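The values are calculated or read from the model by the stated rules, or taken from the named source; none is laboratory data. Please read all numbers here as calculations on a predicted model, not as lab measurements. Backbone-built Cβ (ideal geometry, glycine too); neighbour counts: all protein chains shown. Ligands, DNA and RNA are excluded from the accessible area calculation, which covers all protein heavy atoms including side chains. Shrake-Rupley method; radii C 1.70, N 1.55, O 1.52, S 1.80 Å.
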Amino acid sequence: MMTQYRFIISCPTEKMISSRYAYAIYAWLLEQVSAEMGNALHQSESSCIAQAIWYDRAREQNIWKISFLSKETAELFAPILERLNHITLRVISLDLELCEKRQITSFAQFLRTVRMEQTEESRVELCFLTPTAFKQRGKYTVLPSVALLLNSLVHKWNDCFPEAQIDDADAVSAMEENLLIVDYKLKTTRFPLKGIRVPGFFGELVIESKLPQPLENLWQLLVSFSEYTGVGIKTTLGMGSVEKM
């Protein structure tokens, strides 16, 4: 089960609200439940929450997107989010307006939804809305690759859909070989986190597919899935938010 909320957020003192506030909102959110539950969620190895803040220049709006990747977390936070209109943090006060709610109740429903939206286009354009990074051999990697994108999404998918695991290494390898980054407009950036500045990137990426249809269908599932989970590290704290263009 996946549930996603999108809020328009505003502040009288800041027109463009920085993505770094996502971490503070996450901390605030955990304070709204019991200390035991908040600690369990924060220490969990499975990222059952993904959230981020960015400024939508086309609409001149700040957006907060938060996804719950399990039924339990969605039900825990639904009463809080569905009546939420204001958050007071230590350094900023935010007004919120719920503008969209999406809910996927099963893998079968998600499969049907993606198939209805699928096109015959061989290229997918992705926009990385907040600083995105990967970790490889203990070091941050600020340049995306097909392998890093796929490995991140497959790992998150297997956490979210245990009933439909992607465990065929040959299939994943074939996808890596037949997906190609053909265009990009990226910038390096830093995401402040616990006293450090995590290096990453944001911007646009175009990936061309030459996959056979069964693997193309799987690739399209992963692309749509990425809009809920984000890509890379620290997606719970505000990094790695991505959307199809």
Within region 86-122, how many residues turn out to be more than 15 Å from residue 13 (Cα to Cα) and either basic (Lys, Arg) or in a loop (DSSP other than H, G, I, E, B) (or both)?
11
Got a number for residues in region 38-49 being in contact with a strand residue (DSSP E or B) (Cβ under 9 Å, 6 or more places away or on another chain), open to solvent by 10 Å² or more (accessible area, probe 1.4 Å) and either of a type in the set (A, V, I, L, M) or at pLDDT 95 or above (or both)?
1
Yes/no for residue 179 being at pLDDT below 95 and open to solvent by less than 30 Å² (accessible area, probe 1.4 Å):
no
State all residues of region 225-235 that are closer than 16 Å to residue 117 by Cα and open to solvent by 10 Å² or more (accessible area, probe 1.4 Å); if no residue qualifies, say none.
227, 228
Given the criteria crowded, with 16+ Cβ neighbours inside 10 Å and closer than 23 Å to residue 200 by Cβ, does residue 87 qualify?
no
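So that you can scan it fast, the table gives a plain yes or no per residue for (1) open to solvent by 30 Å² or more (accessible area, probe 1.4 Å); (2) closer than 23 Å to residue 194 by Cβ; (3) assigned to a helix (DSSP H, G or I):
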| position | (1), (2), (3) |
| --- | --- |
| 22 | no, yes, yes |
| 26 | no, yes, yes |
| 63 | no, no, no |
| 74 | no, no, yes |
From the options 196, 166, residue that is hydrophobic (A, V, I, L, M, F, W, C), surrounded by fewer than 20 Cβ atoms within 10 Å (Cβ to Cβ), out of contact with any Pro (no Cβ under 8 Å at 6 or more places or on another chain) and free of Cβ contacts under 8 Å to residues at least 12 places away in the same chain
196
When you check residue 238 against the structure, is it more than 24 Å from residue 108 (Cα to Cα), open to solvent by 30 Å² or more (accessible area, probe 1.4 Å) and either touching a helix residue (DSSP H, G or I) at 6+ places or on another chain (Cβ under 7 Å) or at pLDDT below 95 (or both), yes or no?
no
Based on what the data block shows, is residue 208 touching a strand residue (DSSP E or B) at 6+ places or on another chain (Cβ under 7 Å), open to solvent by 20 Å² or more (accessible area, probe 1.4 Å) and within 17 Å of residue 52 (Cα to Cα)?
no
Qualifying position, being at pLDDT 95 or above, on the phi < 0 side of the Ramachandran plot and either under 19 Å from the mean Cα position of the chain (by Cα) or polar (S, T, N, Q) (or both), among 135, 210, 187:
187
Checked region 123-139 for anything in contact (Cβ under 8 Å) with a residue 12 or more places away in the chain and either open to solvent by less than 80 Å² (accessible area, probe 1.4 Å) or under 28 Å from residue 8 (Cα atoms) (or both); matches are 124, 125, 126, 127, 128, 129, 130, 131, 132, 133, 134, 136
Looking at region 199-220, I want the residues that are within 12 Å of residue 181 (Cα to Cα) and basic (Lys, Arg) and have a partner that is open to solvent by 10 Å² or more (accessible area, probe 1.4 Å) and at pLDDT 95 or above with Cβ atoms under 6 Å, at least 6 apart or on another chain. Which pairs are those?
210/178
Filter region 1-20 down to the residues that are modelled with pLDDT of 95 or more and farther than 22 Å from residue 128 by Cβ, then identify the one that is surrounded by the fewest Cβ atoms within 10 Å (Cβ to Cβ).
10
What residue, of 142, 172, 146, 182, is in contact (Cβ under 8 Å) with a residue 12 or more places away in the chain, more than 23 Å from residue 44 (Cβ to Cβ), in contact with a Phe, Trp or Tyr (Cβ under 6 Å, 6 or more places away or on another chain) and of a type in the set (A, V, I, L, M, F, W, C)?
142
